[in-house]
Amino acid sequence: PIYTDGTGYLLSSDYNLGIIVYKMAPDYLSAVSIVDPMSTWGDYEAATMFKEGGYYFLLMSHETGWTANDDQYSYATSIAGPWSTPVDFATPNTLTYNSQSTWVLPVTGTDGTTYMYMGDRWISGNVGNSTYVWLPLTITGTTISMPDYTEANNPTWYLNVAAGTWTAPPTPPSYS
């Protein structure tokens, strides 16, 4: 990620050390320093970071190979920390809707910004046929949640790119 002051950072995973954040050179071609060894995150990988409302958020997955798990997030007011204790952002025990964090895409429009979670759905025996999960994140202060609008629950949510907002599908009428 590159932030508003133009500084670039590289997120890396090391299976012995966990997630490492490197500060990049001004030309973004090499790392010049480790920002924080992230010892708090010793068994995490697949990190993605974004900034909203004065906080940096880091989404990450546990190291479970090709098997999905409940991804978690942490937040801080500085990339150098201190960082909060990681917690789930999707419904617990859903394996992050069978996905692993890959990227958070900010969609900014005239009325706001939607942060869209993009997650990989790995098929270990056939990686070429792996798919994706794209869902809106709800951010309130330092709390992130992600509704389940996957095909197993309610298959559609609506993104208004021009406005930078999203809405849930209408509730079907009850005939009882």
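The values are calculated or read from the model by the stated rules, or taken from the named source; none is laboratory data. Everything numeric in this text was worked out from a predicted model, so none of it was measured. Neighbour counts are summed over all protein chains in view; Cβ atoms, including those assigned to glycine, are modelled from backbone coordinates with ideal geometry. These accessible areas exclude ligands, DNA and RNA; they are computed on the full protein's heavy atoms, side chains included. Shrake-Rupley method; radii C 1.70, N 1.55, O 1.52, S 1.80 Å.
In table form, for the structure just shown:
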quantity: Stretchable slack from residue 113 to residue 161, in nm (0.36 nm times residue separation minus alpha-carbon distance); calculated: 16.4 nm
quantity: Shape call, region 1-126: gyration tensor on alpha carbons, a/c limit 1.5; calculated: oblate
quantity: Selection from 78, 159, 41, by position along the positive dipole direction of the chain (Cβ); calculated: 159
quantity: Inter-probe distance in nm under a simple model that places probes 7 Å from Cα toward Cβ, at residue 132 and residue 4; calculated: 2.7
quantity: Contour excess over end-to-end distance, with Cα ends at residue 63 and residue 34 and 0.36 nm allotted per residue; calculated: 8.3 nm
quantity: Rounded FRET efficiency, nearest 0.05, which uses the C-beta distance separating residue 148 from residue 175 and R0 of 22 Å; calculated: 0.35
quantity: The chain: relative contact order in percent, alpha carbon pairs under 8 Å with at least 6 residues between; calculated: 13
quantity: Whole-percent carbon and sulfur share, accessible surface of the chain, 1.4 Å; calculated: 55
quantity: Loop sites in region 28-109: chymotrypsin sites (Phe, Trp or Tyr not before Pro), DSSP, at most 16 other Cβ within 10 Å; calculated: 28, 66
quantity: Approximate spin-label separation residue 17-residue 84, in nm, with each point projected 7 Å along Cα-to-Cβ; calculated: 2.7
quantity: Surface accessible to a 1.4 Å probe, per residue, for the residues of region 54-117, Å²; calculated: 43
quantity: Check: the chain dipole with +1 on Lys, Arg Cβ and -1 on Asp, Glu Cβ, in debye; calculated: 240
